[in-house]
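The values are calculated or read from the model by the stated rules, or taken from the named source; none is laboratory data. Keep in mind that what you see is a predicted model, and the values were worked out from it rather than measured. Reconstructed Cβ throughout: ideal geometry from the backbone, glycine too, with neighbour counts over all protein chains shown. Remember, those area values only see protein heavy atoms, side chains included, never the ligands or the DNA or RNA. Shrake-Rupley method; radii C 1.70, N 1.55, O 1.52, S 1.80 Å.
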Amino acid sequence: MTSPHLSMSGPREGARAVVLLLHGGRANSAEPARRGLAYLRMVPFARAVRSRTRADEVAVWLLRYRLRGWNGAAEDPVTDARWALGEARRLHPGAQIVLVGHSMGGRTALRLAGEPGVAGVCALAPWIEPGEPEPRSQVPIVIAHGDGDQVTDPAASAAYAARVGASFVPVPGETHALLRRPVFWTRLVTGFVASALDVDSHAR
């Protein structure tokens, strides 16, 4: 089986903060995850966070899973993201970690909100199933969802946010791909990262 892969920018050791970006996928697939559209959708967010934070303080990581699918009880992306969190704690002891995920990646991020070191979760158009467990933490969580999304359910996101006490941001006219309002999404993500982390940031 393939291994998860981290694309890293910023300091390799000793950062004050780590931003981990998690891409989407499929409900069921044993195919290896590749640098396809789901992965590439997160690249602009990684670049934006990188450009708005101090390069010597914040490490920005984009995870590519082993497999494309969630795969039922296996919850493969959760396993991979938990591995990445372990790497973040190993290379950057004591660093605050912010999770940013889209679709399946948003579901993964919400599942890991209570992991050691996690300081905040930003879930974009997350995949929310009935009975989704509540985060085991009171860290800041923002969930944003376009009202034109026909892949994942914005009503489910709103209900979940209300149930767990997260902030919910409706995005009029947006679909699942996050392509209609790119400036809005970028500002949402970078603003959340800046507010969740105790690090210097700047706009460019």
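Is it the case that the stretch 135-142 has a residue that's farther than 21 Å from Ala81 by Cβ and not in a helix (DSSP H, G or I)? Scanning the stretch 135-142 turns up no residue that is farther than 21 Å from Ala81 by Cβ and not in a helix (DSSP H, G or I). For Ala113, the criteria (1) small (Gly, Ala, Ser); (2) in a loop (DSSP other than H, G, I, E, B); (3) over 26 Å from Ala15 (Cβ atoms); (4) open to solvent by less than 50 Å² (accessible area, probe 1.4 Å) hold in every case but one, which is (3). Here the condition is being aliphatic (A, V, I, L, M), open to solvent by 10 Å² or more (accessible area, probe 1.4 Å) and modelled with pLDDT of 95 or more; of Ala84, Ala55, Ala38, Ala88, it holds for Ala38 alone. Count of the stretch 58-81 residues, restricted to those that are touching a strand residue (DSSP E or B) at 6+ places or on another chain (Cβ under 7 Å), over 19 Å from Ser9 (Cβ atoms) and open to solvent by 50 Å² or more (accessible area, probe 1.4 Å), is 1. Kindly provide the set of residues from the stretch 149-164 that are open to solvent by less than 30 Å² (accessible area, probe 1.4 Å) and either of a type in the set (Phe, Trp, Tyr) or assigned to a loop (DSSP other than H, G, I, E, B) (or both), ordered by number. The answer is Asp149, Thr152, Tyr160.
Within the stretch 176-193, the residues that satisfy the criterion of being open to solvent by less than 40 Å² (accessible area, probe 1.4 Å) and of a type outside the set (Phe, Trp, Tyr) are His176, Ala177, Leu178, Thr186, Leu188, Val189, Thr190, Gly191, Val193.
When Ser7, Ser3 are checked against the criterion of being at pLDDT 95 or above, open to solvent by 40 Å² or more (accessible area, probe 1.4 Å) and over 13 Å from the mean Cα position of the chain (by Cα), Ser7 stands alone in meeting it.
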